[in-house]
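Reviewing the structure listed below.
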């Protein structure tokens with residue numbers, strides 16, 4: 001059986017696999033690790049509909065000559081879904097009251113809604129708050145969707161723009177225990193909310209930078225006579241760098257939980273220590289580390 005991905009034949013040897021489903025499962029995992037998803041499938045020249053996928057999974061490899069798989073990048077699909085969402089918000093905004101009450105039931109069945117629900121469930125909840133419950137204004141949802149779109153389309157620029165905001169909120173963290181002690185509950189709550197929002201944004205963009213290849217450096221073919229060895233060493237270094245970032249994020253998450261617990265207990269002394277000497281320091285370290293690893297991808301980003 002010949003296996004093609006986007007028209008290119010894969011050089012693979014099938015040994016233990018007996019069914020098509022086994023192959024597709026392995027390919028789906030490989031695609032996920034490289035920031036892609038399966039977007040279409042043809043068997044012996046015939047396109048397979050979603051309703052027939054399960055039947056294809058059960059087919060024996062020996063009964064198939066050509067398995068043609070189509071893929072798209074997660075970034076491209078995310079960008080397309082956010083652009084569609086912005087159009088949907090405009091449509092919703094111009095509807096009358098009766099039409100608005102029916103809008104959500106149709107929208108939730110759309111490809112855009114299903115993708116957002118699967119990939120970013122928290123954004124889907126915000127859409128529900130606008131289209132179904134009317135708790136969130138169209139203007140606010142538009143602003144959020146536009147921000148998310150910038151994070152996907154230009155993650156390097158959006159990440160660089162975080163620095164002054166991050167510095168400002170880290171300065172506010174130093175004053176957090178004093179706000180708690182002096183009864184400035186609203187100001188303290190706003191500081192926590194802003195710090196949480198900035199942290200989530202950093203982690204969202206880190207994911208985009210990773211899957212879009214911003215941590216993969218350009219390689220000079222003349223730097224080594226043994227290209228395979230050079231590529232292997234480079235891959236090991238890249239994995240080591242990513243593991244260090246993930247380790248820093250894991251440690252930071254633990255500190256963040258301690259900070260929130262101390263804040264809920266009004267323990268201003270512990271809040272002060274964690275905010276000034278742990279949380280603010282570690283999030284800046286994470287930001288600086290990620291920023292130092294960003295490279296321009298070799299291939300032009302797909303839009």
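Throughout, read-outs are computed from the coordinates displayed, never taken from laboratory work. Just so it is clear, the structure is predicted and the values come from calculations on it, not from any experiment. Here Cβ is always computed from backbone atoms with ideal geometry, including for glycine, and neighbour counts include all displayed protein chains.
Given the options 249, 66, 180, state which has the largest fluctuation in a GNM of the chain using a 10 Å cut-off (strictly under) for Cα springs. Greatest mean-square fluctuation among the candidates belongs to 66.
Taking Cα atoms only, the orientation of helix 97-107 departs from the longest principal axis of the chain by about 50 degrees. Relative to the longest principal axis of the Cα atoms of the chain, the long axis of helix 163-174 lies at roughly 40 degrees. In this rough spin-label picture, where each label sits 7 Å from Cα along the Cβ direction, the residue 190-residue 26 distance is 5.7 nm. Fewest neighbouring Cβ atoms within 10 Å first, the residues 206, 287, 277 line up as 277, 287, 206.
Based on the Cβ-Cβ distance of residue 34 and residue 142, what FRET efficiency does E = 1/(1 + (r/R0)^6) give at R0 = 25 Å, to the nearest 0.05?
0.20
Classification of segment 2-73 by its C-alpha gyration tensor yields a rounded form. The axis ratio a/c (a ≥ b ≥ c) stays under 1.5. Relative contact order for segment 12-76: what percent, with Cα pairs under 8 Å and sequence separation of 6 or more? Value for segment 12-76: 45 percent. A simple spin-label model places the labels of residue 288 and residue 266 3.7 nm from each other, with each point 7 Å out along Cα-to-Cβ. Under a 10 Å cutoff between Cα atoms, tell me which one of 20, 50, 152 has the largest fluctuation in the Gaussian network model of the chain. Maximum fluctuation in the GNM of the chain, among the listed residues, is at 50. When only C-alpha pairs under 8 Å and at least 6 residues apart count, what is the relative contact order of the chain, in percent? Relative contact order, the chain: 17 percent.
By counting other Cβ atoms within 10 Å of each Cβ, how are 99, 15, 119 ranked from fewest to most?
Ranked by crowding around the Cβ, least crowded first: 15, 99, 119.
Counting 0.36 nm for each residue step from residue 51 to residue 242 and taking away their Cα separation leaves a gain of 64.9 nm. Under 1.5 on a/c is rounded, so check that first for segment 77-153, then, if it is not, pick prolate when a/b is larger than b/c and oblate when it is not; a ≥ b ≥ c are the square roots of the alpha carbon gyration tensor eigenvalues. Judged from the Cα gyration tensor, segment 77-153 comes out prolate (a/c at least 1.5, a/b above b/c). For the chain, the longest principal axis of the Cα atoms and the long axis of helix 227-264 meet at an angle of about 40 degrees. Seen through its C-alpha gyration tensor, with square-root eigenvalues sorted a ≥ b ≥ c, the chain comes out oblate because a/c lies at 1.5 or above while a/b is not bigger than b/c. Largest GNM mean-square fluctuation across 165, 283, 53, computed for the chain with C-alpha springs under 10 Å, falls on 53.
Based on DSSP H runs of at least 4 residues, each adding -39500 (n - 2.57), what is the mean residue ellipticity at 222 nm of the chain after dividing by all its residues, to the nearest 500 deg cm²/dmol? Per the formula, -21000 deg cm²/dmol.
With R₀ set to 41 Å, the beta-carbon distance separating residue 109 from residue 13 gives a calculated FRET efficiency near 0.45. Legend: calculated FRET efficiency, residue 203 to residue 276, from the Cβ-Cβ distance at R0 = 25 Å, rounded to 0.05, equals 0.70.
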